[in-house]
Amino acid sequence: MTNESLFKYAESQGHEIYYRNLSHTKAITLEQNDRFYIALAKNLSRIEEKELTAHELGHCEYGGTYHRTSSHDLKERAEYRANKWAYYQLAPPDAIAAYVCSGIVTPWDLAEQFDVSCEFMGKAIEYYQTIGIV
């Protein structure tokens with residue numbers, strides 16, 4: 001999935017994305033009146049923008065927003081679900097398996113194929129291994 005397709009998806013779902021000067025984070029999702037608003041920091045790299053947009057859309061799609069005073073469990077659940085949505089959108093397990101079968105097996109080579117960071121790919125693979133998919 002490309003940055004452009006993520007933005008089109010957000011638009012199709014009625015989610016609005018803005019670029020803002022953010023001092024304590026690179027991205028945040030807010031929910032108001034049953035609508036989601038995503039703020040992304042200015043000057044992100046293309047890959048950062050892609051990964052953060054997918055993660056924030058995960059908050060929108062799973063309804064996983066929270067307040068800074070929310071319980072740790074609620075925050076962790078929302079972050080887990082947002083990450084899960086991002087992994088499935090940017091590096092689906094069946095596509096990873098297809099690359100592995102073709103001989104592309106290292107996290108950095110897989111990251112290059114999916115146009116994501118090595119860190120993101122490593123976390124996606126770890127997630128899929130934890131649930132027994134990859």
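Quickly run through segment 96-124 and pick out the residues that are open to solvent by less than 60 Å² (accessible area, probe 1.4 Å) and either under 11 Å from the mean Cα position of the chain (by Cα) or within 17 Å of Ile47 (Cβ to Cβ) (or both).
If the condition is that a residue be open to solvent by less than 60 Å² (accessible area, probe 1.4 Å) and either under 11 Å from the mean Cα position of the chain (by Cα) or within 17 Å of Ile47 (Cβ to Cβ) (or both), then Pro107, Leu110, Ala111, Phe114, Asp115, Val116, Ser117, Phe120, Met121, Gly122, Ala124 are the ones that fit.
For the list (1) free of Cβ contacts under 8 Å to residues at least 12 places away in the same chain; (2) in a loop (DSSP other than H, G, I, E, B); (3) of a type in the set (A, V, I, L, M, F, W, C), I need the number of the one condition that Val134 fails.
It fails just one condition, (1).
Out of (1) at pLDDT below 95; (2) touching a Leu at 6+ places or on another chain (Cβ under 6 Å), what's the single condition that is false for Thr53?
Here Thr53 clears every test but (1).
Hey, could you check segment 1-55 for residues that are among the β-branched types (Val, Ile, Thr) and touching a residue at least 60 places away in the same chain (Cβ under 8 Å) and say which is surrounded by the most Cβ atoms within 10 Å (Cβ to Cβ)?
Applying the filter and picking the extreme gives Ile47.
Going through segment 84-94 one residue at a time, which ones are in a helix (DSSP H, G or I) and within 18 Å of Gly58 (Cβ to Cβ)? Show your work before the answer.
Initially, segment 84-94 is screened for residues in a helix (DSSP H, G or I), giving 84-90, 93-94.
Passing the criteria: Lys84, Trp85, Ala86, Tyr87, Tyr88, Gln89, Leu90, Pro93.
Can you tell me which of Leu40, Leu22, Leu30 is in contact with a helix residue (DSSP H, G or I) (Cβ under 9 Å, 6 or more places away or on another chain) and not in a helix (DSSP H, G or I)?
Among Leu40, Leu22, Leu30, only Leu40 is in contact with a helix residue (DSSP H, G or I) (Cβ under 9 Å, 6 or more places away or on another chain) and not in a helix (DSSP H, G or I).
If you take the residues of segment 43-74 that are charged (D, E, K, R) and part of a helix (DSSP H, G or I), which of them is farthest from Met1 (Cα to Cα)?
The selected residue is Asp73.
The values are calculated or read from the model by the stated rules, or taken from the named source; none is laboratory data. Since this is a predicted model, take the numbers as computed values, not measurements. Cβ: placed from backbone, ideal geometry, glycine included. Neighbour counts: every protein chain shown. Accessible surface areas use protein heavy atoms only, side chains included; no ligands, DNA or RNA. Shrake-Rupley method; radii C 1.70, N 1.55, O 1.52, S 1.80 Å.
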